[in-house]
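Comments concern the structure below.
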Amino acid sequence: MKTCLECLPCLGKNAVDAAKRSTDDIAVRKQIVSDSLRLLAENDFEMPPPFTARKILDIARRHTGKEDIYRSEKKRSNTLAEKLVSELSGIPEYHPDDFESRLRLAVAGNILDFGIFADLDIARALQAVRSAFTRPLDHEAAERLHARMESAENILYILDNCGEAVFDRVFLEPYRQKITLGVRGRAAFNDVLGSDLADCGLAGFARAVTANGPAGIPGTILSECSEEFRQVFGQADLIIEKDREISRPWTNIRIRSRSCSWSNVRSWRGLFRRNRIPSRSACIISERENRDMKAAVLKGNGILKIEEVPLPEIRGWYKIRVAFAGICGSDLGRGFKNGAYHYPLIMGHEFSGVTESVPPGGKYPAGTRAAVFPLLPCGKCESCRQGLIQLCSHYDYFGSRRNGAFAQFLYVPESNIIPMPEPVSLEEAALCEPAAVAHHAVYSHAVQPGASALVIGGGPVGLLAAQWLKIRGCGKVAVADVQQAKLEFAETLGFRSVHAEDLEKLDSQFDLCVEACGLSTTRNAAVSCCSRQGHVFLIGNPAGTLEMEPRIYSSILRKELSLSGSWNSLPDPDWKEVLNHAEKDLKLKEMITSVRPLSRADQVFDEILSGRGFQCKTLLNCQE
């Protein structure tokens, strides 16, 4: 990493801070800052910032003779961290025997980075730690790290900052017998030295080796590592390097030490999911495995590439050979319009496949044909405790928050496997997820025999909702849309078609109305078309700003309408009902209008987005 212009203000701040901490003599402080600014004026921009920061510390040492000018702040950070650890019993979400809980604590340790929060107090710190147990976590990265730590025999854990290291101690407790701690050889800001281990509660915790020599460069540079450290590095089968700058020499070691699994959590705070794209580089766990599967990888908004990617094993989960994956409307928005939670991402949450490898004690044998429930609830929040896992506060999800099924293989937990009865094809199985979502939407309200129903939106979920209303006993079911091709397709499934322009003629004509578009106009039309004391199902994700005219609001009141929203689905009753009807009256196969190879997924998305030709449901054959 080279020094850029944006680095200079931070380096200047380092100089002022080093001067203040090393002496009370104003004249000496000015000399330290003056020499440091002269250094910056002559800075070699080809060198990484840690080299310049090291030289600034050397200037302060030369003028004052003080080696560890941050010693008092390091002690303060450790004391504060110990107080926080003593308060963990008051956090209901913290479970000391749970890997994810301890990992969250290790991530929260970054708040004690003195270089970032110089004025941190116990109240603010405790609040930040509490928030670490309620924020969404990158479960996929956490599971991979857990699996690596469980299977490793020799783990090298390179410590970062004081205070933070106290939390690391809690995180590492179950693994202390196979841990070697890497510490700094010379003082550099608030990084852990061998002399700091006692204050961190790590003296005697595990073997400790000096990572770098007397130069004291911030970061971990191969040329500065001690011989003892290089030996430990070569013997380790898992190396965890926490939030340090990684310079090119590490790459050289990684290439030479091919038997070693490398876990670099570049920004541990990045383990927490953001609303859009995680700041910095999120959690990166890079493992030496063969690049052994093909996948459609979303590299950025609108950038989809077909690549060979690694398939990291997740212990305790089934390896699924993905057969077919459906393209959902949400994939279009996530991949090409609104942006994904993170990049790179493998999308795909509507899919089927065959179990290929089975974890010890698994109840489904290899060769089991299955669809996969894509929601991964946390199991701990209030919704999960009430059995409302579809409303989980901290859920994970295949194809959006973690990698999904636009790939040849995928690891899934046993609880998400839905075995398919033999008459149901794997192509049909790939439609079980949208069928379950549609069932969940219309299941919430009683349907009187012979009731009339209108579905506004002739996409896959809308047509599936129409089928469920018919199955549940509705007499007349109509489908409305603006596209003639969709209306003609709805007719092939046995539904009356209504052009959207004609909806104004159908005021109060239907007992039940389903809004499956997410637009203000279609929601208003659903309210208008619904009869007195009727019900409106809202299942379309919002597209743009939603506005409600006073007359529509008044119509809801005057007709005493009830409205219900819907989110996700449940294995029981939704998926159970899909399986009950997939062999009988649920038309899944008829909705599949195209099956294309995964290797051409980028072209398939281009065609769909261009609007060329009508497609109801397009599947990707993930083995082609």
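Read the figures in this text as sums done on the coordinates, not as results from a lab. Just so we're clear, the structure is a prediction, and the values are computed from it rather than from any experiment. Reconstructed Cβ throughout: ideal geometry from the backbone, glycine too, with neighbour counts over all protein chains shown.
Based on alpha carbons, the Rg and Dmax found for the range 7-64 are 10.6, 34 Å. With R₀ fixed at 41 Å, the C-beta to C-beta distance from A543 to A41 puts the FRET efficiency at about 0.15.
One entry in (i) 48.6, 132; (ii) 29.2, 92; (iii) 32.6, 116 is Rg and Dmax of the Cα atoms in Å calculated from the shown coordinates; its label is (ii).
Between N524, C474, V192, whose Cα lies farthest towards the positive end of the dipole of the chain when Lys and Arg beta carbons carry +1 and Asp and Glu beta carbons carry -1, centred on the Cα centre? Value: V192. Projecting the Cα positions of L561, P571, P550 onto the charge dipole of the range 435-582 (unit charges on Cβ atoms of Lys, Arg, Asp and Glu, taken about the Cα centre) puts L561 furthest along the positive direction.
Convert 20 °C to kelvin, take the viscosity as 1.002 mPa s, use the Kirkwood radius over C-alpha pairs of the range 435-582 as Rh, and evaluate the Stokes-Einstein diffusion coefficient in µm²/s, rounded to a whole number. Can you show the working numbers first?
Details: Rh = 15.1 Å.
After rounding, the answer is 142 µm²/s.
Annotation: amide H-H contacts under 5 Å for E356 (H modelled 1.01 Å from N, sequence separation of 5 or more, or interchain): K319, I320, R321, G367. Counting 0.36 nm for each residue step from F614 to S226 and taking away their Cα separation leaves a gain of 133.2 nm.
Only beta bridges with both residues in the chain are counted; by DSSP, about 45 percent of them are antiparallel.
Remark: the range 7-64 carries a charge dipole of roughly 200 debye about the Cα centre, counting +1 on each Lys and Arg Cβ and -1 on each Asp and Glu Cβ. Between N301 and T134, the C-beta separation translates, for a Förster distance of 35 Å, into a calculated FRET efficiency of about 0.80.
Sort the following peptides by mean Cβ neighbour count (other Cβ atoms within 10 Å, averaged over residues), highest first: 464-471, 76-83. Let's see the in-between values first.
On the way: 464-471: 25.1, 76-83: 20.6.
The most tightly packed comes first, giving 464-471, 76-83.
Protection proxy ranking, highest mean first, for peptides 86-95, 535-544: 535-544, 86-95, where packing is the per-residue count of other beta-carbon atoms within 10 Å, averaged.
Peptides 410-418, 165-173 ranked from most to least packed, by the mean per-residue count of other Cβ atoms within 10 Å: 165-173, 410-418. Over the range 424-553, Cα pairs under 8 Å with separation of 6+ residues give a relative contact order of 21 percent.
What FRET efficiency comes out for K505 versus K584 if R0 is 41 angstrom and r is the Cβ-Cβ distance? Round to the nearest 0.05.
Numbers: r = 35 Å, r/R0 = 0.86.
E(calc), rounded to 0.05, equals 0.70.
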